[in-house]
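Only one structure is covered here, and it is reproduced in the block below.
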Amino acid sequence: MAANKLNLKDKYRLLTRDLDWEFSYQERKKAFPFEEFEGIKITDWSKWEDPFRLTMDAYWKYQAEKEKKLYAIFDAFAQNNSQLNVTDPRYINAIKLFLTAVSPLEYQAFQGFAHTGRQFGGVGARVACQMQSIDELRHVQTQIHAMSHYNKFFDGFQDWSHMHDRVWYLSVPKSFFDDARSAGPFEYLVAISFSFEYVLTNLLFVPFMSGAAYNGDMATVTFGFSAQSDEARHMTLGLEVIKFLLEQHEDNVPLVQKWIDKWFWRGAQLLSIVGMMMDYMLPNKVMSWKEAWGVYFEEAGGALFKDLARYGIRMPKYVEQVQTEHMSHQLWWTMYTHGHATGFHTWIPTDEEMDWLSEKYPETFDKYYRPRWELAKQMEAEGNRFYTKALPQLCTTCQIPMLFTEVDDPTQLSFRDTVYHGERYHFCSDGCRDIFHEEPEKYVQSWLPVHQIFQGNCGGPGVEQVLSEYYGMNLGADNLDIKGSPDEQRWNRWKGVA
Amino acid sequence: MSYEVTIEPTGDVIEVDEGQTILDAALRQGVWLPFACGHGTCATCKVQVLEGEADIGNASPFALMDVERDEGKVLACCAMPQSDLVIEADIDVDPDFAGYPVVDFVGTLTEVRDLSPTIKGFWFELDRELEFQAGQYVNLRIPGVEGSRAFSIANKPSDSRTLELHVRKVPGGAGTTWLHEQLQVGQTLEISGPYGQFFVRKSDEQDAIFIAGGSGLSSPQSMILDLLEEGDRRQLYLFQGARNLAELYNRELFEGLERNYPNFHYIPALNDPLPEDHWQGFTGFVHEAAMARFDNRFSGHKAYLCGPPPMIDAAITALMQGRLFERDIHMERFFTAADGSEESTRSALFKRI
Ligand code: FES
Ligand SMILES: [Fe+2]
Ligand SMILES: [Fe+2]
Ligand SMILES: [Zn+2]
């Protein structure tokens, strides 16, 4: 019986208890000015249970070990020209999108946790945020390194950070994090640590990592595993935050519920990008977006929300409105038809891929989406590959083009609008409209790329100049269909295909 | 084929089937281990193997690094025992846990009596003293039944040579049927114990609420008898749930205690009383009786729950909505063959609930 041995919890307490300090000449409240302004009530920080017990020296030791292993694999990948082992060059476009859309969010997470951690009066929460902040910086660095190798061989990787701040569809992920980081510290943790990392992150990482593995991209698989090994700490932080807030004061319950509703909806809309990658961009498919949603949200999330119900928290408000049957098809179609303005290549799914989609979406694909692709195929055969001339209207909240349809009618685009101080604002859904209504002063400031183009803030006058001069795309190389692209020509040369 | 895995520092013992992971077996047997991803990528479930051999399974090289493999670390969510094991996990030992060693006994049945139409009381004389904490349980080996069956101890620890068990006959349950129908006074059984993490946190001074359903009265009975015998002065509330009057057993015992101890309060609840019961007391489920008594405010108490899973579930919800949380709720769930296997997906939100 080892009952009297110092257990890990006590050891950790002894090692970390002196990280806090007394405020002798300043009021404690003034040192943590944001702690109360969201309306959250904290009665006793000592009830915070450290979600994981890791001291800084152990942390550095582990992370150094991970880095050593990871970079050894990257080196081998480069030396063996392993970029030639991916299934086909279409796959590379999924990671172009990842690098421009997701990796910068790792950097935003780094900034967000550094800022937020500072705001908590409790030392446990501060230390947890600090470690996560450093993790996220490591994640973005490993991803840049992994992709820098692809940058030597393929188009579209050259200016991901610049593009993240400007390109029309990249404002979707960017605004997600901007919204969280400009919220108060507790909302930030509910948004990122809980709603995103705990509830939704498996939907991002698991399919993406398996997708990379199925398509021969061992560099991405490896950075994925390396990041996942930190993710548990992030997820447990999310869980501890939610428990802590709900237990501290009953007045916190409705605030937390409101944030869960909001961030679940924003997260679900954002992840439509991952849905599109899985259903359309991976040559070797892992599982459909609908299946992934079933496993990682409905099953795992169902168990979670069953437990949360004991605190008086219910399922996120808009869960019934997530259209897993439709979103990936509608989004890829939008990207395909705007393929002259995307920093990656687009294409028509092959016949085998369409059969796979029919099998995975028996109720909807043949009925609503296959006919469109058949038409696109016919136009392409006639030498009229279709590109739309119009710029899309964007949702003021999530900034996704208004491309999704009504929940009860997939032939009807979903539009919502509201008038605030004499101006009309447009939304893709009830969820996004309600989020606006909660904080209109925040969202009237949204930087909507299409509005900005029309206002002349993105160069121009034509779309071509916006794309090349303001976005930094190499037109004719980064954009347009994969067919006939320089990427495809080089690939065929390397592979000895005529 | 299965292996026995002992989990330090608590000393919990679980059975792990061939090809089953340690985590899966632990969670199914009510033993909590830290976990998050459940598939070998996050390292939350890392444990140290102290004795024995385990297959590390599908552990990611970033979650379980080479140096750690050499040190004998494994990930419980994907490791499968290749022999009996002793592992050390990052779990806390409760300061109130006495850690009495598990011992094998021979018990001779001295008395058996109907407590209710479905529950019998069994009294054994033991061949040696049983040191245990009120609330813990023993395992019985029942002739012709594979494995062992767990029953909570109903007597107080100071009666260390006797063992009182309350057994409800489970329809289709081989063990309880044998006890009800075959076991005769004078017969002996092999018994081992004590087991379990259900005991009174005496170092915590808050008042205590006991919620019991069916034969789940056994543990609270032992706990209350023990506290009163020690002269404990905190307020003790026993809520006992039963279907109807005939099922409400040992009522006289607790009514007697209530008369003699001003800090003990007894609140029986019947959810389906018969007309001939002429029931004047609380009608409804036992957790509803607690909600009514405390006006839905439970904070400032410790709660001890014992009984069938649906009762425990309803009680936890009631307590939490009355703002009493996991750290102050302790429980023993009485699973039976009739409950089927526990659902497989569970969230990591709670450790013990
Ligand atoms: S629970 Fe994540 S590695 Fe085991
Ligand atoms: Fe990250
Ligand atoms: Fe993270
Ligand atoms: Zn929207």
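The values are calculated or read from the model by the stated rules, or taken from the named source; none is laboratory data. Note that the coordinates shown come from a computational prediction; the quantities given were computed from them, not determined experimentally. FYI the Cβ positions are ideal-geometry reconstructions off the backbone, even for glycines, and counts take in every protein chain you see. Note: areas computed on protein heavy atoms with side chains; ligands, DNA, RNA excluded. Shrake-Rupley method; radii C 1.70, N 1.55, O 1.52, S 1.80 Å.
The heavy atoms of residue A:324 present about 20 square angstrom of accessible area, all protein chains included, probe 1.4 Å. Counting only alpha carbon atoms, the long axis of helix A:201-214 and the longest principal axis of chain A meet at about 50°. The listed residues A:66, A:152 rank as A:152, A:66 when sorted by accessible area, largest first, using a 1.4 Å probe.
Across the options A:390, A:322, A:227, the greatest Cα extent toward the positive end of the charge dipole of chain A (unit charges at beta carbon of Lys, Arg, Asp, Glu) belongs to A:227. Run through the DSSP bridge list for the protein assembly as shown and note the antiparallel percent, rounded to the nearest 5. In the protein assembly as shown, DSSP labels about 60 percent of beta bridges as antiparallel. Cα convex hull, the stretch A:1-137: 201 Å³ per residue, rounded to a whole number. Whole angstrom only: what separates the Cα centroid of the stretch B:256-272 from the Cα centroid of the stretch A:379-403? After rounding, the separation between the Cα centres reads 72 Å.
What you get for the stretch A:228-348, charging only the Cβ of Lys and Arg (+1) and of Asp and Glu (-1), is a dipole of about 180 debye around the Cα centre.
Expressed as a fraction of 2.2 N^0.38 Å, the value expected for a compact globular protein of N residues, the C-alpha radius of gyration of the stretch B:2-88 is 0.94. Here chain B yields Rg over Rh of 0.98, to two decimals, using C-alpha coordinates and the Kirkwood radius. The magnitude of the dipole of the stretch B:2-88, with charges of +1 and -1 set on the Cβ of Lys/Arg and Asp/Glu and taken from the Cα centre, is near 400 debye. Using all pairs of distinct alpha-carbon atoms, the Kirkwood hydrodynamic radius of the stretch B:172-243 works out to 15.0 angstrom. Note on the protein assembly as shown: dipole from Cβ charges, positive end direction compared against B:22, B:32, A:24; the farthest Cα belongs to A:24. Any idea what the dipole of chain A comes to, in debye rounded to 20, about its Cα centre with Lys/Arg Cβ at +1 and Asp/Glu Cβ at -1? For chain A, the charge dipole is close to 1020 debye. For the chain pair B and A, buried accessible area totals roughly 3700 Å², probe 1.4 Å, rounded to the nearest 100. Where does helix A:103-117 land angle-wise versus the long Cα axis of chain A, in degrees 0 to 90, nearest 10? Computed tilt is about 20 degrees. Of all lysines in the structure, the ones whose alpha carbon falls short of 26 Å from that of residue A:47, not counting any fewer than 8 places away in one chain, are A:5, A:9, A:11, A:29, A:30, A:243, A:258, A:306, B:46, B:202, B:302, B:351. Of all lysines in the structure, those lying under 28 Å Cα to Cα from residue B:120, and not within fewer than 8 positions of it along the same chain, are B:156, B:169.
Note on the stretch B:95-134: percent of Cα-Cα distances in each 5 Å bin, starting at 0 and stopping at the bin with the largest distance, equals 6, 19, 17, 18, 17, 14, 8, 2. Both radii come from the Cα set of the protein assembly as shown: Rg as radius of gyration, Rh as Kirkwood radius; their ratio Rg/Rh reads 1.02. Each semi-axis of the equivalent ellipsoid for the stretch B:125-268 is √(5λ) with λ an eigenvalue of the Cα gyration tensor; in descending order they amount to 28, 18, 13 Å. Its residue count N sets the reference 2.2 N^0.38 Å, and the alpha-carbon radius of gyration of the stretch B:203-265 equals 1.10 times that reference. Across all Cα pairs in chain A, the calculated P(r) in 10 Å bins from zero up to the longest distance comes to 4, 18, 28, 27, 15, 6, 2, 0, 0 percent per bin. Stretching residue A:111 away from residue A:298 to a fully extended chain increases their span by 64.2 nm, per 0.36 nm per residue minus the current alpha-carbon distance. A dipole drawn for the stretch A:311-389 from +1 and -1 charges on Cβ atoms has a positive end, and of A:344, A:378, A:368 the residue lying farthest that way is A:344.
Accessible surface of residue A:115, taken over heavy atoms with a 1.4 Å probe and every protein chain present, rounds to 80 Å². The value given for the stretch B:191-311 is a Kirkwood hydrodynamic radius of 14.9 Å, derived from the mean inverse Cα-Cα separation.
Residue B:279 contributes about 40 Å² of solvent-accessible surface, heavy atoms of the protein only, 1.4 Å probe. Listed by chain and number, the aspartates and glutamates whose alpha-carbon sits under 17 Å from that of residue A:262, ignoring those within fewer than 8 places in the same chain, are A:38, A:178, A:179, A:187, A:197, A:320, A:430, A:434, A:438, A:439, A:441.
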